[in-house]
Amino acid sequence: MLPVLLRNGRRAVSVIGGVRTGRGTDTVALAGVQPRRSIIDQSYSVHFMDFMGTSIPSSMKKLVVTKLSHNFREAVSVQNAAVPTPGDKELLVRNRFVGVNASDINYSAGRYDPSRKPPFDAGFEGIGEVVGLGLSASSRFTIGDTVAYFCNGAFAEYTVVPAKESVPVPAVKPEFLTLLVSGATAYIALKRLGDLAKGETVLVTAAAGGTGQFAVQFAKQAGCHVIGTCSSDEKAGFLKSLHCDRAINYTTEDLAKTLRKEYPDGIDVVYESVGGSVLEVAVNNLANKGRLIVIGFISGYQTQVGIPHFKGATLPVKLLQRSASMRGFFLPHFMSDYREALGNMMQMFVKGRLVCEVDCGDLAEGGRFVGLESVFRAVDYMYAGKNLGKVVVEVAPPSVATETLPQCEILYRRDLSQACRAAAFTSRHRKSKTHRSTSTRSHSGGSQNSSLHSKCELL
Ligand SMILES: NC(=O)c1ccc[n+]([C@@H]2O[C@H](COP(=O)([O-])OP(=O)(O)OC[C@H]3O[C@@H](n4cnc5c(N)ncnc54)[C@H](OP(=O)(O)O)[C@@H]3O)[C@@H](O)[C@H]2O)c1
C-alpha cells in the first residue's frame, strides 16, 4: 500500500515526511501514515511527477536523427519512446511549442559535433509546462510552472531539461520562444560585437526572419539607420513596420547596386546570416572601421559541405584598406550573457517595446504547423524563404489536465527505477497557466501583455 500525502494548496514540492520545504508551500498533513523519513534524503534520486492519469502517458513521440544528412527529411524520423524521467536537477517539460532554427539541418548533418553518431534527439528549444522534476530542481521550480529552454531534444512531446537551463516564463506564449535563440543571438551579438553607435548604418540580412527581426529592432533602438534584406514585398512591409529605414527586396532590387548607390560611405555594421555572394556584397560595402558579424551562412546549409562558395582571397586586403573587421558569433559561447539578455528582452516584450513575430505556418501549404510531424514541413517552409518571423511548431494544445483535473499524485522514485513510493495530494486551486496563442502574423506587445507584466518582474 502506498503512503498518501494530503495537502491543500497548489505547490507540489519536496515534501517527504511532513517537512515543509520549497517555495510557496503550505502545511502538509499525513493521512494515517507514519513518515518513513523525517528529512529529505539527498542520497536518493527523488522525482516529483505530475501523475494526473492520462496527463503523462507512458510513451510519446519524438524526432530522432537516425542518419547524418543535411536533408532533414532523410536524416530525421518520428519515433515512439518512453516518456523520460527527470534526474535530481532536471525538469520534465511537456512541450507546447518548439522553435525551428536554420541550424536544425546543420545539427542533423552532424556539423555541430562530428564525433556524435546517430541516433540522437533533434530540436533546440521549447516552451511548455513542468510536469515532473527532481528534488534539487524543486528548489526553483514546481509542477505546473511554465518554462522555456534552449537545450537539445526539444522536438519531442516531453523533454527532460536541466533546471539550470530552464527559464521561467509568465505564460506559454510562442512569442517567448522567439527570444531563446533568435532574440538572444541578436541581442548578445550586437551588444558584444557590434559596438553600435548612434547614427551608424547597420545592414541586417535575412532581416524578416527569426533572428533578423530582432537585429533590426535592437539596431533601431541603438539609434542606427537600419537596412534589411528580404525576398518579398510582404516581408519588406513587415520590416517597415519595425521602423527599418530601408527594406531591400533582393528579388526585385539588386543588393550590390542599391548599397553602392544609396550608401556610398559604406555600412558600419553588418549582421550577416546568408553567406556566399551576400557576404561578398557586404564585405565590399563595409565602411572604414566597419564591423561585419558572421551570424550564419544559410545559403550553404543545404549542400554537402554546408559552406557556400565565397571569394575570400582578397578579404585581408579589403579589411586592411578599411581598418574593418569580421567577427564570428556563436550563441553557446556567450551563455554568461544569456540570462540578462532574456530578462531584458522579456521586459521589452511585455512593455510593448519589442515585436516577437511568430510564424506558425497558418499561410503555409498544408496549414498551421501542429503536431511534431509538421516540423518537417516547417523546415521546408523556412528553406523556401517563406517564413515571416520565427518559425514555431505547436506540439500540443493546452493540457486539459492542468486546467481542470483537481487531483494529482506525486511519485517518489529511487534511482530512476520504477519501484516507487507514491503520494497523492489534492490541488484544487491549481490555476491554469497556459494561454493558447491565437494570433500569428500580428505584432505582439503593448496592452495585451499588461497582465504578463507583473509576472515578468519575477524573472
Ligand atoms: N550564430 C548563432 O549562434 C546563430 C543563432 C541563431 C541563428 N543563426 C543563423 O541566423 C540565420 C537565420 O536563422 P533563423 O533560424 O533565424 O532563420 P530565419 O531567418 O527565420 O529563416 C531563414 C531565412 O533565411 C533566408 N533563406 C532561407 N534559405 C535561404 C537560402 N538558401 N539562401 C539565402 N537565404 C535563405 C530566408 O529569408 P529571405 O527569403 O527573406 O531572404 C529565410 O526566411 C542562419 O544563418 C542561422 O544559422 C546563428
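The values are calculated or read from the model by the stated rules, or taken from the named source; none is laboratory data. Keep in mind it's a predicted model, so treat the numbers as computed, not measured. Every residue, glycine among them, receives a Cβ derived from its backbone with ideal geometry; neighbour counts consider all protein chains shown. In case anyone asks, the SASA skips ligands and DNA or RNA and just uses the protein heavy atoms, side chains included. Shrake-Rupley method; radii C 1.70, N 1.55, O 1.52, S 1.80 Å.
3J(HN,Hα) couplings calculated from phi for the range 207-221 with the Karplus curve 6.51 cos²θ - 1.76 cosθ + 1.60 (θ = phi - 60°) are, in sequence order, 6, 8, x, x, 8, x, 4, 6, 4, 4, 5, 5, 5, 5, 4 Hz; Gly and Pro show x. Rounded to the nearest 20, the size of the Cβ-charge dipole of the range 69-139 about its Cα centre is 120 debye, with Lys and Arg at +1 and Asp and Glu at -1. Per-residue SASA remark: Thr251, around 90 Å² accessible (1.4 Å probe; ligands, DNA and RNA not included).
Peptides 377-389, 215-227 ranked from most to least packed, by the mean per-residue count of other Cβ atoms within 10 Å: 215-227, 377-389. Can you tell me which lysines have their Cα less than 24 Å from the Cα of Lys198? Leave out same-chain residues fewer than eight positions away. Correct list for Lys198: Lys220, Lys240, Lys261, Lys289, Lys351. Between Ala247 and Gly228, the built amide H atoms are under 5 Å apart, and every one of these is 5 or more places off in sequence or on another chain. Checked against a 31 Å cut-off, the cross-linked pairs Lys61/Lys235; Lys67/Lys390; Lys89/Lys386 give Cα-Cα distances beyond that limit for Lys61/Lys235; Lys89/Lys386. Close amide H partners of Phe120, meaning residues 5 or more places away or on another chain with modelled amide H under 5 Å apart, are Val65. For the range 200-358, the dipole from Cβ point charges (+1 on Lys and Arg, -1 on Asp and Glu) about the Cα centre works out to 260 debye, to the nearest 20. Sorted from longest to shortest, the spans of the Cα atoms of the range 181-334 along the three principal axes equal 39, 36, 36 Å. A 1.4 Å probe run over the range 150-261, with the rest of the protein chains in place, finds 33 Å² accessible per residue.
Per atom type, the range 181-334 shows carbon and sulfur on 55% of its accessible surface, probed at 1.4 Å. As a rough guide to protection, the peptides 314-320, 88-94 ranked by mean Cβ packing within 10 Å, highest first, stand as 88-94, 314-320.
For the peptides 368-374, 100-106, the ranking by packing is 100-106, 368-374, with the highest mean count of neighbouring Cβ atoms within 10 Å listed first.
Hydrodynamic analysis of the range 198-243 uses the Kirkwood radius over alpha carbon pairs. Inserted into Stokes-Einstein at 20 °C and 1.002 mPa s, it gives a translational diffusion coefficient of 211 µm²/s. For Lys289, the amide hydrogen comes within under 5 Å of the amide hydrogens of Ser323, Ala324, counting only partners 5 or more places away or on other chains and with H modelled in the peptide plane.
In order along the range 298-307, the phi-based Karplus estimate (6.51 cos²θ - 1.76 cosθ + 1.60, θ = phi - 60°) of 3J(HN,Hα) comes to 4, 5, x, 4, 8, 9, 4, 7, x, 10 Hz; Gly and Pro are listed as x. Full extension of the segment from Ala256 to Asp113, taken as 0.36 nm per residue of separation minus the current Cα-Cα distance, would add 47.9 nm.
Across the range 138-145, rounded Karplus estimates of 3J(HN,Hα) from the backbone phi angles (6.51 cos²θ - 1.76 cosθ + 1.60, θ = phi - 60°) give 6, 6, 10, 10, 9, 4, x, 4 Hz, Gly and Pro being marked x.
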